[in-house]
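Only one structure is covered here, and it is reproduced in the block below.
The values are calculated or read from the model by the stated rules, or taken from the named source; none is laboratory data. On a predicted model such as this, the values are computed, not experimentally measured, just so you know. All Cβ positions, even for glycine, are placed from backbone atoms using ideal geometry, and neighbour counts span all protein chains on display. Accessible surface areas use protein heavy atoms only, side chains included; no ligands, DNA or RNA. Shrake-Rupley method; radii C 1.70, N 1.55, O 1.52, S 1.80 Å.
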Amino acid sequence: MNSLPLTLVILTNNSEINLSKIVDFWKYFSEVIIVDDQSTDNTEKIAKNFGAKFISRKLSGDFASQRNITLTIAKNSWVLFLDDDEQIGLNFIDELNSIDWENTPYSAFKIKRVDMFLGQKLTHGEVWQASHDGIIRLVKKSVGEFVGPVHETFVTSEKVGRLKSSITHFAHESISSFLQKINLYSTLRAQELLSAKKKVFITSLFFYPLAKFIYSYFLLLGFLDKEAGFIYSFLMSFHSFLVRAKLLVKTSD
């Protein structure tokens, strides 16, 4: 099988364990680029040993910038973006091989993402849109860009298709790792809101997280994911609390 005329991009930070789980799929791509946020483990060694182009670039709280930089240096016209905790299968590769990349009417593709949390598949709550509608992760260069420093999205005015295959996201294998990520992301989100000169009131520290939990757990049917669905919805509402608490502290300085 010839290598796909695609560039695979993976964002990393101390990702030696996660990279070791997906390096077997790098051989299917004609180029692999690792954009690394100053790892201190063996991430760089693994990347280079398996033939990836390694770029050390400080995140500086801007995930969109990390992705957009690769759109300027990738040698292929098409770029597939994965996070280091996401995996694909052979059916995914087969579907990519079935696409006529020079004549496809699309300039980007949405890909469904299956979220695994505490060893269980989530299909409702906040992950509903990603698992049912998909997120844009396969793009043609020069048709758009990623926007938003946290939970960045690809924006384009071109026609967007949808793959049948999906990405599996092994987000959090423990509550402690989830809390670490929540602490990081809430800090970045608070800074984003501060830069946008958003204001927060002390009452929103209670009502906004409560509303978010009700929306995710009940309206988006998070309760159908049972115990994992409750924990996920609760912790994401806690994320909302931390964002506003941190923003309140910053605006009070």
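Below are the figures for this structure:
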| quantity | calculated |
| --- | --- |
| Qualifying residue in region 167-174 (condition: among the polar types (S, T, N, Q), over 25 Å from Leu219 (Cα atoms), modelled with pLDDT of 95 or more and more than 16 Å from the chain's Cα centre (by Cα)) | no |
| Every pair of residues 6+ apart whose Cβ atoms lie under 7 Å, when the first sits in region 162-173 and is farther than 16 Å from Lys121 by Cβ while the second is in a strand (DSSP E or B) and open to solvent by 40 Å² or more (accessible area, probe 1.4 Å) | Arg162/Lys110 |
| Number of positions in region 40-77 that are under 18 Å from the mean Cα position of the chain (by Cα) and either buried (at least 18 other Cβ atoms within 10 Å of the Cβ) or not aliphatic (A, V, I, L, M) (or both) | 13 |
| Single residue of Lys159, Lys121 found to be basic (Lys, Arg) and over 19 Å from the mean Cα position of the chain (by Cα) | Lys159 |
| Segments classed as strands (runs of 3 or more DSSP E), wholly inside region 1-71, with at least 2 members that are polar (S, T, N, Q) | 4-12 |
| Output for region 17-37, where each listed residue is modelled with pLDDT of 95 or more, under 26 Å from Lys181 (Cα atoms) and open to solvent by 30 Å² or more (accessible area, probe 1.4 Å) | Asp37 |
| Number of positions in region 90-127 that are under 17 Å from Ser216 (Cα atoms), part of a helix (DSSP H, G or I) and out of contact with any Ser or Thr (no Cβ under 9 Å at 6 or more places or on another chain) | 1 |
